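Below: the structure, in structure tokens.
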């Protein structure tokens with residue numbers, strides 16, 4: 001294994017952790033960056049499996065909250081409704097992800113021009129939503145009605161297209177359906193847990209016969225880097241969103257998308 005490959009894995013892991021929970025598309029970023037630095041992973045598993053590091057970051061930061069919800073399940077209806085709502089929101093992506101797994105990995109993941117396009121379009125949509133005079137009706141993710149959870153879950157399926165952003169699709173959809181920015185971002189955190197854990201387990205199962213020890217080492221490096229950086233993002237994101245909204249992320253998406261187009265043009 002070449003040291004350059006490990007360095008690339010480290011860089012991509014850092015990018016994954018920094019971008020997983022903000023609405024800029026972590027998958028789009030690491031696929032686009034991987035394209036330009038010549039990084040290739042077996043079966044495109046690296047790009048999926050290192051997301052487990054980001055999952056563990058949520059579990060670490062939200063440990064007390066998760067324990068409180070778990071202990072309240074036997075006797076608190078609101079806790080049971082919240083967990084059920086998150087699981088309902090997870091189902092659309094689970095079903096569609098299994099059905100389109102091959103197409104997503106072999107076609108969409110191999111389309112850098114598509115990623116640049118969705119980054120730019122998604123940025124424009126976020127800018128529009130951020131300026132809309134929306135009047136939130138839901139201010140606590142724990143109190144979202146089940147229909148809203150399901151609707152957010154269908155919004156999440158848009159992120160099957162790299163560059164769309166899982167968090168961006170869920171947050172934007174939630175805002176348009178009456179949530180405030182902070183609770184929308186928080187619900188997106190919770191929804192990420194079953195979604196990313198499911199994606200990890202399924203992708204690992206599908207590629208179990210082709211992964212090698214070298215692949216495991218590369219994935220491990222990216223995994224640790226993603227975990228460390230994601231911890232800092234999760235801790236600070238809600239306050240940042242509450243103060244600044246989503247416009248900074250929208251402009252970042254547009255800048256990266258346009259830079260990607262320029263890079264693709266210059267490299268042929």
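Against the criterion of being farther than 30 Å from residue 3 by Cβ, touching a strand residue (DSSP E or B) at 6+ places or on another chain (Cβ under 8 Å) and in contact (Cβ under 8 Å) with a residue 24 or more places away in the chain, residue 187 qualifies. In the condition set (1) in contact with a strand residue (DSSP E or B) (Cβ under 8 Å, 6 or more places away or on another chain); (2) in a loop (DSSP other than H, G, I, E, B), residue 148 is compliant with all but (2). The set of residues in segment 16-42 being at pLDDT 90 or above and closer than 21 Å to residue 172 by Cα consists of 16, 17, 18, 19, 23, 24, 25, 26, 27, 28, 29. The residue that is surrounded by the most Cβ atoms within 10 Å (Cβ to Cβ), counting only those in segment 64-116 that are in contact with a helix residue (DSSP H, G or I) (Cβ under 7 Å, 6 or more places away or on another chain) and outside any helix (DSSP H, G or I), is 100.
Being within 17 Å of the chain's Cα centre (by Cα) and at pLDDT below 95 holds for only one residue in 92, 162, 133, and it is 162.
Limited to segment 19-37, what total is found for residues that are over 13 Å from residue 192 (Cβ atoms) and either assigned to a helix (DSSP H, G or I) or out of contact with any helix residue (DSSP H, G or I) (no Cβ under 8 Å at 6 or more places or on another chain) (or both)? Qualifying residue count for the region: 10.
Can you find even one residue in segment 238-255 that is in contact (Cβ under 8 Å) with a residue 24 or more places away in the chain and not in a helix (DSSP H, G or I)? Among the residues of segment 238-255, at least one is in contact (Cβ under 8 Å) with a residue 24 or more places away in the chain and not in a helix (DSSP H, G or I), which makes the answer yes.
Among the residues of segment 229-244 satisfying the criterion of being farther than 17 Å from residue 166 by Cα and under 18 Å from the mean Cα position of the chain (by Cα), which is surrounded by the most Cβ atoms within 10 Å (Cβ to Cβ)? Talk me through it step by step, then tell me what you get.
We begin by selecting, within segment 229-244, every residue farther than 17 Å from residue 166 by Cα; these are 229, 231-232, 235-236, 239-240, 242-244.
Retained after the next criterion (residues that are under 18 Å from the mean Cα position of the chain (by Cα)): 229, 231-232, 235-236, 240.
Working: 229: 21, 231: 18, 232: 13, 235: 12, 236: 10, 240: 15.
Among them, the one singled out is 229.
Conditions tested, residue by residue: (1) modelled with pLDDT under 90; (2) closer than 19 Å to residue 12 by Cα; (3) in contact with a helix residue (DSSP H, G or I) (Cβ under 6 Å, 6 or more places away or on another chain); (4) not in a helix (DSSP H, G or I).
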| site | (1), (2), (3), (4) |
| --- | --- |
| 167 | no, yes, yes, no |
| 188 | no, no, yes, no |
| 234 | yes, yes, yes, no |
| 259 | no, yes, no, no |
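Step by step: first the residues of segment 49-63, then only those that are farther than 15 Å from residue 194 by Cβ and in contact (Cβ under 8 Å) with a residue 40 or more places away in the chain, then the one that is surrounded by the most Cβ atoms within 10 Å (Cβ to Cβ). Which residue is that? Among residues in segment 49-63 that are farther than 15 Å from residue 194 by Cβ and in contact (Cβ under 8 Å) with a residue 40 or more places away in the chain, the one surrounded by the most Cβ atoms within 10 Å (Cβ to Cβ) is 50.
Working carefully through the options 152, 171, find the one that is buried (at least 24 other Cβ atoms within 10 Å of the Cβ), at pLDDT 95 or above and closer than 24 Å to residue 80 by Cα. So that I can check it myself, show each step before the final result.
Working: 171 fails: at pLDDT 95 or above.
Residue meeting the stated conditions: 152.
Total residues in segment 151-165 satisfying the condition of being touching a residue at least 24 places away in the same chain (Cβ under 8 Å) and assigned to a helix (DSSP H, G or I): the figure is 8. Within segment 216-223, identify whether any single residue is within 16 Å of the chain's Cα centre (by Cα), under 30 Å from residue 99 (Cα atoms) and surrounded by 14 or more Cβ atoms within 10 Å (Cβ to Cβ), and answer yes or no. Scanning segment 216-223 turns up at least one residue that is within 16 Å of the chain's Cα centre (by Cα), under 30 Å from residue 99 (Cα atoms) and surrounded by 14 or more Cβ atoms within 10 Å (Cβ to Cβ).
Of the residues in segment 3-18, not one is surrounded by fewer than 24 Cβ atoms within 10 Å (Cβ to Cβ), in contact with a helix residue (DSSP H, G or I) (Cβ under 8 Å, 6 or more places away or on another chain) and assigned to a loop (DSSP other than H, G, I, E, B).
The values are calculated or read from the model by the stated rules, or taken from the named source; none is laboratory data. The structure displayed is predicted, hence computed values, not measured ones. Quick reminder, even Gly has a Cβ in these numbers, built from the backbone with ideal geometry, and neighbours come from all protein chains shown.
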